[in-house]
1. Looking only at residues in the range 38-90 that are among the aromatic types (Phe, Trp, Tyr) and exposed (fewer than 14 other Cβ atoms within 10 Å of the Cβ), which one is nearest to Val278 (Cα to Cα)?
2. Can you name the number of the only condition in (1) in contact (Cβ under 8 Å) with a residue 60 or more places away in the chain; (2) surrounded by 15 or more Cβ atoms within 10 Å (Cβ to Cβ); (3) more than 30 Å from Ala402 (Cβ to Cβ) that Ala258 fails?
3. Restricting attention to the range 285-330, which residues are closer than 19 Å to Met48 by Cβ, touching a residue at least 60 places away in the same chain (Cβ under 8 Å) and in contact with a strand residue (DSSP E or B) (Cβ under 8 Å, 6 or more places away or on another chain)?
4. Could you look through the range 1-51, keep only residues that are within 18 Å of Asp357 (Cβ to Cβ) and part of a helix (DSSP H, G or I), and pick out the one that is modelled with the highest pLDDT?
5. Select from the range 52-76 the residues that are over 22 Å from the mean Cα position of the chain (by Cα) and part of a loop (DSSP other than H, G, I, E, B) and list them in ascending order.
6. For residues that are more than 20 Å from the chain's Cα centre (by Cα) and not acidic (Asp, Glu), scanning just the range 342-351, find the one that is modelled with the highest pLDDT.
7. Ser35 fails exactly one of the following numbered conditions: (1) of a type in the set (Gly, Ala, Ser); (2) without any contact (Cβ under 8 Å) to a residue 60 or more places away in the chain; (3) crowded, with 19+ Cβ neighbours inside 10 Å. What is the number of that condition?
8. Of (1) out of contact with any Pro (no Cβ under 7 Å at 6 or more places or on another chain); (2) of a type in the set (A, V, I, L, M); (3) closer than 24 Å to Gly343 by Cβ, Met48 satisfies all except one. Which?
Amino acid sequence: MSIESDLYLAKDYDKKYCMQVFAPLDVAFVKGKGSYLYDTDGKKYLDMIGGIAVNSVGHAHPKLTKAIAEQSKKLIHCSNYYLIPSRSELAYRLCKKSFADKVFFSNSGAEANEAAIKLARGYFHYKGIDKYEIITAKMSFHGRTMATIAATGQPKFSQPFEPVTPGFKYVEYNDISDLQSAITDKTAAIMLELIQGESGVHPAAPDFVKAVRQLCNEKGILFIDDEIQTGVGRTGKMFCYEHYGVRPDIMTLAKGLAGGVPIGATLCTEEVSSGFHVGDHGSTFGGNPLATTAANTVLDIIESELLVENADIIGEELMDKLQAIKAKYPLIRQVRGRGLLIGIEFDPLISAKMMKDVLLEKGFLVSSIGTSTIRIAPPLNIKKYEAMSFATAIEKIMKAQAKNK
């Protein structure tokens, strides 16, 4: 039985048989190509959210679909009891592109962050040092597992599930004094997103990040860089930490790493890798042949098509255009971000949900955050004319809103 083309039946089944945690829109997509998705009626949408920063090389990229198809004919999964050459290759490539010496593979960003938290605590445990506290930022987002909701600095994600995992503290983002005051002799790590995505795309201040690195050096604390959204070219650098001139001790990746195939990665230095001994951590599916083949292919595409550079160039041009629209229409309060991760905050009179719905009607996909911000994270291979068509749509909506105000 297939209900792919029957939107009404799919909606009915979703309500009856799926846990209602997503509140999906009344649209279903049946195919994609490049930066576009097509719904059950054949309507074309420019995917400006890219599966929430996942579809890094767009939809149905021929090299990626070919690699996945060929690998699936040979071997999809085998246990981590054995060597997996594509996993070894991916680990090598990620280490050579970053500060890291070692990698652990999992299936998602939340799992990558869970591993990072365990690794930081294990590092000090095996040194015989009683350090276990993790400091994170208010308005952060690190995942939806029990440990990562505890790490997340937004109570709405954890309150229904209390008591949460202990050992986490929260400080104001970009406030080094508040951070300093939270450090104790039990502090194991400071865990930060260099751009807070789920709170509205808020970049960290350069001085703050440098001060965090310095504090970690002075106090013997580990710096965990959560790059689940910002990693793999999203911000116009391969990794966001490169913008700040610092190196973390642990970094987490997921989302765009395999272009839509589930994967997570926890990277660290040789020294910090001592926090995991044989048997301390694991993942049944993590690093399997299909996922790591997909990720290696995504890296090939990013390199050969210069997609990090494209994210930088198109992101800057789109940001400039949006800032020009903001200057013309004060209904836009702020435009924030780096590369192809951008948040647009509107006057409170304009709801984020309304903007998302209006853009959907016009054939553009975005996500809404909070009451008045939309987020975009399109494929890294988006073309200039596609990005500008989105900006033009925003300008037309602002013009109409200004007339009605």
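The values are calculated or read from the model by the stated rules, or taken from the named source; none is laboratory data. Predicted, not measured: the structure shown is a model, and the values here were computed from it. Please note: Cβ atoms are built from the backbone with ideal geometry, for glycine as well, and neighbour counts cover all protein chains shown.
1. Initially, the range 38-90 is screened for residues among the aromatic types (Phe, Trp, Tyr), giving 38, 45, 81-82.
Narrowing the set further to residues that are exposed (fewer than 14 other Cβ atoms within 10 Å of the Cβ) leaves 81-82.
On the way: Tyr81: 12, Tyr82: 14 Å.
Among those residues, the one meeting the criterion is Tyr81.
2. Of everything listed in (1) in contact (Cβ under 8 Å) with a residue 60 or more places away in the chain; (2) surrounded by 15 or more Cβ atoms within 10 Å (Cβ to Cβ); (3) more than 30 Å from Ala402 (Cβ to Cβ), Ala258 misses just condition (1).
3. Across the range 285-330, the qualifying residues are Gly315, Leu318, Leu322, Ile325.
4. Taking the range 1-51 and keeping what is within 18 Å of Asp357 (Cβ to Cβ), we get 7, 11, 22-29, 37, 39, 41, 43-49.
From the residues that got through so far, the ones that are part of a helix (DSSP H, G or I) too are 7, 11.
Working: Leu7: 79, Lys11: 87.
Ranking the candidates gives Lys11 first.
5. Leu75, Ile76
6. Step one: list which residues in the range 342-351 are more than 20 Å from the chain's Cα centre (by Cα), which gives 346-351.
Subset that is not acidic (Asp, Glu): 346, 348-351.
Numbers: Phe346: 97, Pro348: 91, Leu349: 89, Ile350: 93, Ser351: 94.
The qualifying residue modelled with the highest pLDDT is Phe346.
7. With (1) of a type in the set (Gly, Ala, Ser); (2) without any contact (Cβ under 8 Å) to a residue 60 or more places away in the chain; (3) crowded, with 19+ Cβ neighbours inside 10 Å applied to Ser35, the lone miss is (2).
8. (1)
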